[in-house]
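Notes to accompany the following structure.
The values are calculated or read from the model by the stated rules, or taken from the named source; none is laboratory data. This is a predicted model, so every value here is computed, not measured. Note that each Cβ is placed from the backbone with ideal geometry, even for glycine, and that neighbours are counted across all protein chains shown.
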Amino acid sequence: RFSEDMFEVIACYFPVDFKPSASGSVTRDQLVELHSRCLSSTPIFGEFMVPLLLEKLASDLRSARLESFNLLRRAAPVYPAAVLLGYGQQLLAAFRRAMFRSAVSDEERRVALTAFAEVVARIARRIATPATMQNLAARSSSAYCLRSAGPIYANSTRT
């Protein structure tokens, strides 16, 4: 319970919404950097942060999505692989949106791809045995092919 309370104290500022004053010496980028260090500093925050990241990755605000992908990139090596796997489908959907929507900028695609690589690397370190990886690749490829070819195959057998 203490860890969730500590997380809430820090996460309530995510994503950072800050407009520096003309005379201020602190920039938004500095705050984002330090804030993301805090949120990615411990594996304990993973179970609380990943759902929040998913929420922000669905935002209409480009800055919220960029900050979320950057935080996910930083946090993926720290957060438990089991937590990332538990949200695997939702994370994959967020990555797909970022990669394949036409309204997404090249910068967002690049940041999303970097975050995706970190998430996959973290999960792979946890489950990486030759048999597990081969099974995962076969199931993923088969499922994708079946979903993609299913309508084509169904239409071709009716003629």
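Filtering region 95-117 to residues that are at pLDDT below 95 and closer than 15 Å to residue 52 by Cβ leaves nothing.
Residues that are of a type in the set (D, E, K, R) and not in a helix (DSSP H, G or I) were ranked within region 13-34; the one that is farthest from residue 77 (Cα to Cα) is 19. Please verify whether residue 72 is under 18 Å from residue 14 (Cβ atoms) and assigned to a helix (DSSP H, G or I), treating the condition exactly as stated. Yes. Restricting region 10-34 to residues that are among the aliphatic types (A, V, I, L, M) and surrounded by 13 or more Cβ atoms within 10 Å (Cβ to Cβ) leaves a set whose member that is farthest from the chain's Cα centre (by Cα) is 31.
Of 57, 61, all but one fail to be of a type outside the set (Val, Ile, Thr) and at pLDDT 95 or above; the exception is 57. Looking only at residues of region 44-60 that are in contact with a Pro (Cβ under 9 Å, 6 or more places away or on another chain), without any contact (Cβ under 8 Å) to a residue 40 or more places away in the chain and not acidic (Asp, Glu), we find that the one that is surrounded by the most Cβ atoms within 10 Å (Cβ to Cβ) is 46. Residues considered: 65, 37. Of these, the only one that is of a type outside the set (A, V, I, L, M, F, W, C), in a helix (DSSP H, G or I), in contact (Cβ under 8 Å) with a residue 24 or more places away in the chain and loosely packed, with under 13 Cβ neighbours inside 10 Å is 37. Close contacts from region 104-116, counting a first residue that is touching a residue at least 12 places away in the same chain (Cβ under 8 Å) and among the acidic types (Asp, Glu) and a second that is exposed (fewer than 15 other Cβ atoms within 10 Å of the Cβ) and part of a helix (DSSP H, G or I), with Cβ to Cβ under 9 Å and a gap of 6+ residues or different chains, come to 107/62; 108/62.
Residues of region 56-103 that are charged (D, E, K, R), under 12 Å from the mean Cα position of the chain (by Cα) and over 20 Å from residue 31 (Cβ atoms): 96, 97.
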